[in-house]
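The structure appears right after this line, and notes come after that.
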Amino acid sequence: MSENHLFGAIRAAIPAPGKALALLADGRTQTYGDALALSARLAGLLVARGVKPGDRVAVQVEKSWPALALYLAAVRAGAVYLPLNTAYTLNEVEYFLTDAEPAVFVCRPQIAQEARALAARVGVACVETLGADGEGSLVDAAAAFPADFADVPRGPQDLGGILYTSGTTGRAKGAMLSHGNLLSNALTLKDAWRFTADDVLIHALPLFHTHGLFVASNIILLSGASMIFRAKFDPREALALMADAGSGATCLMGVPTFYTRLLDQPELTREATARMRLFVSGSAPLLAETHRAFFERTGHAILERYGMTETGMNTSNPYEGERIAGTVGFPLPGVEVRVTDPETGHPLPDGEIGMIEVKGPNVFQGYWRMPEKTRSEFRDGFFITGDLGKIDEKGYVHIVGRGKDLVITGGFNVYPKEVEGEIDAIAGVVESAVIGVAHPDFGEGVTAIVVPVPGAGLTEEQIHRALESRLAKFKQPKRIFFVPELPRNTMGKVQKNILRDTYKDIYRNVA
Ligand code: AMP
């Protein structure tokens, strides 16, 4: 093993050192050569700070150019990159530092003092700071190190990253991703979505999640392409970039909320998006309605794909061929997808709803220091995703919801997505979330939280009536609540745990 498996491939894909990699908000352009130099300096610094191959480098910083270079530096130094959501409190960070035992923790300058005290307490030897504009000790200290670095050899099995799953219940688990996982998945996606050095991606996703870090950034790097690198998604700016021939923008990768926010802009038209070749959506379900509305306005069929922290991407709608709204497409090349009976684990025939399981070079190496948990989530080499779904007669995979979202009422299984689909089809409904709430008679009561169109004057009674003829009695919500919007996390996922908590006592006195 003489190569660094992931970085060797990234390095080999560089078209020319002067080629633009990242176009920043302040107007500066950072080239591939700049990325090589800054990541070399940062890798030199990490090693000087005691980082050895396999050591974790924990990072909780705003999205910035040096933050991207820091990811590359960690990979080059043979370390395991461990990005953390900036929304985590210090209390939560304490858990991650204790669990992962990183050699270095890079944090925002604003929390430097508390972070140093915390690091001292939990035994993390080194803390550096990195601010949104590149300020802080990290980049300053890196300047003293050379602009080249002998990449530490790493094989396909060696870890390149640990991402803690957003896990809404229980302890967060660190998903261990190897160089082989990351490289194979990015190369597969690059081919599946036809990325070339001519592409310019609007990169407005966070860098602490698999979507923005491993999907978006790795694909661009391995294509020798460029990205318009933005800390946050601003729909007006994104549209202006798409409409401006000078920006060169060709693609957008987003979570569903990017697309609903774009649809709110009157400037979203066929002309404004005429230069774009691809819109990708994932990380949360894209409403079929959003897919259709976007197609009507722009002529672009959003390409929806399905993945998760533990596996990278598993399925994708086709680049050529029909992109079907409400589905997540076909298994990616090299990835096997099967649907099993959640109770027995036996594979089910196509068309039947069950547990989605995946196997392939993308599937992670297990949960950090949780061998039991890891074992219990694999079956015959397949990872049990926790997502319920089915494969239709054309081979398209459909996600029906999370296993833990399944509502069992009076002994009957209710898939929230089915009920949500019926509610969403009612005139005057923007969207809905269906949850199970403890019920003294039924075990759980189907409960709907509905976002109405403002001013539509929709009533609970109207919804009950509309559902009467469309859903079996046991699937119909026992209670319906109206809210102005659903709680979502930064990746656009509806936080059903928050809803379950808010409404947990509503059936308490019904018996
Ligand atoms: P995360 O690990 O945070 O990326 O979350 C992964 C989970 O997001 C998956 O297990 C799915 O439940 C959900 N997910 C990701 N992409 C999609 C999609 N296109 N449609 C429906 N759910 C999705």
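You will find that of Arg369, Arg375, the residue that is in a loop (DSSP other than H, G, I, E, B), open to solvent by 70 Å² or more (accessible area, probe 1.4 Å) and over 17 Å from His398 (Cβ atoms) is Arg369 and no other.
Of the residues making up region 299-332, those that are surrounded by 23 or more Cβ atoms within 10 Å (Cβ to Cβ) and in a loop (DSSP other than H, G, I, E, B) number 7. For region 463-504, the candidate set comprises residues that are within 16 Å of the ligand (Cβ to nearest atom) and of a type in the set (S, T, N, Q); within that set, the residue that is nearest to Gly443 (Cα to Cα) is Asn497. Among the residues of region 282-298, those that are surrounded by 21 or more Cβ atoms within 10 Å (Cβ to Cβ), within 16 Å of the ligand (Cβ to nearest atom) and not in a loop (DSSP other than H, G, I, E, B) comprise Thr290, His291, Phe294. For Phe279, the requirement of being within 16 Å of the ligand (Cβ to nearest atom), out of contact with any strand residue (DSSP E or B) (no Cβ under 7 Å at 6 or more places or on another chain) and open to solvent by less than 10 Å² (accessible area, probe 1.4 Å) is not met.
For the structure I just gave you, tell me whether Phe214 is away from the ligand (no atom under 16 Å from the Cβ) and either farther than 18 Å from Gly54 by Cβ or surrounded by 21 or more Cβ atoms within 10 Å (Cβ to Cβ) (or both). No; evaluated as a whole, the condition is false for this residue. Tell me, which residue of region 131-152 that is aliphatic (A, V, I, L, M) and not in a loop (DSSP other than H, G, I, E, B) is surrounded by the most Cβ atoms within 10 Å (Cβ to Cβ)? Checking each candidate, the answer is Leu138.
Being within 16 Å of the ligand (Cβ to nearest atom), assigned to a helix (DSSP H, G or I), open to solvent by 20 Å² or more (accessible area, probe 1.4 Å) and not small (Gly, Ala, Ser): is that true of Glu420 here?
yes
Residues considered: Ala100, Ala67, Ala112, Ala119. Of these, the only one that is in contact with a strand residue (DSSP E or B) (Cβ under 8 Å, 6 or more places away or on another chain), closer than 22 Å to Tyr367 by Cβ, more than 16 Å from the ligand (Cβ to nearest atom) and not acidic (Asp, Glu) is Ala100. Does Gly307 qualify as being more than 9 Å from the ligand (Cβ to nearest atom), touching a helix residue (DSSP H, G or I) at 6+ places or on another chain (Cβ under 9 Å) and touching a residue at least 24 places away in the same chain (Cβ under 8 Å)? No; evaluated as a whole, the condition is false for this residue.
Inspect all residues belonging to region 443-457 and state whether any of them is open to solvent by less than 20 Å² (accessible area, probe 1.4 Å), in contact with a strand residue (DSSP E or B) (Cβ under 9 Å, 6 or more places away or on another chain) and at pLDDT below 95. Within region 443-457 (the criterion being open to solvent by less than 20 Å² (accessible area, probe 1.4 Å), in contact with a strand residue (DSSP E or B) (Cβ under 9 Å, 6 or more places away or on another chain) and at pLDDT below 95), the answer is yes, since at least one residue qualifies.
A quick yes/no check of all residues on (1) without any contact (Cβ under 8 Å) to a residue 12 or more places away in the chain; (2) over 14 Å from Gly326 (Cβ atoms); (3) in contact with a strand residue (DSSP E or B) (Cβ under 6 Å, 6 or more places away or on another chain):
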| site | (1), (2), (3) |
| --- | --- |
| Glu393 | no, yes, no |
| Val397 | no, no, yes |
| Val407 | no, yes, yes |
| Val414 | no, yes, yes |
| Val434 | no, yes, yes |
| Pro440 | no, yes, no |
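Considering only region 197-209, I want to know if a residue exists there that is more than 30 Å from Glu94 (Cα to Cα), modelled with pLDDT of 95 or more and within 16 Å of the ligand (Cβ to nearest atom). So far as region 197-209 goes, no, none of its residues is more than 30 Å from Glu94 (Cα to Cα), modelled with pLDDT of 95 or more and within 16 Å of the ligand (Cβ to nearest atom). Scan region 157-203 for residues that are within 17 Å of Leu303 (Cβ to Cβ), of a type outside the set (Val, Ile, Thr) and in a loop (DSSP other than H, G, I, E, B) and the total you get is 4.
Output the residues belonging to region 165-197 that are open to solvent by 20 Å² or more (accessible area, probe 1.4 Å) and not small (Gly, Ala, Ser). Across region 165-197, the qualifying residues are Thr168, Thr169, Arg171, Lys173, Met176, Leu187, Thr188, Lys190, Asp191, Arg194, Thr196.
The values are calculated or read from the model by the stated rules, or taken from the named source; none is laboratory data. Since we're looking at a predicted model, the values are computed, not measured. Quick reminder, even Gly has a Cβ in these numbers, built from the backbone with ideal geometry, and neighbours come from all protein chains shown. Surface areas here come from the heavy atoms of the whole protein model, side chains and all, with no ligands, DNA or RNA. Shrake-Rupley method; radii C 1.70, N 1.55, O 1.52, S 1.80 Å.
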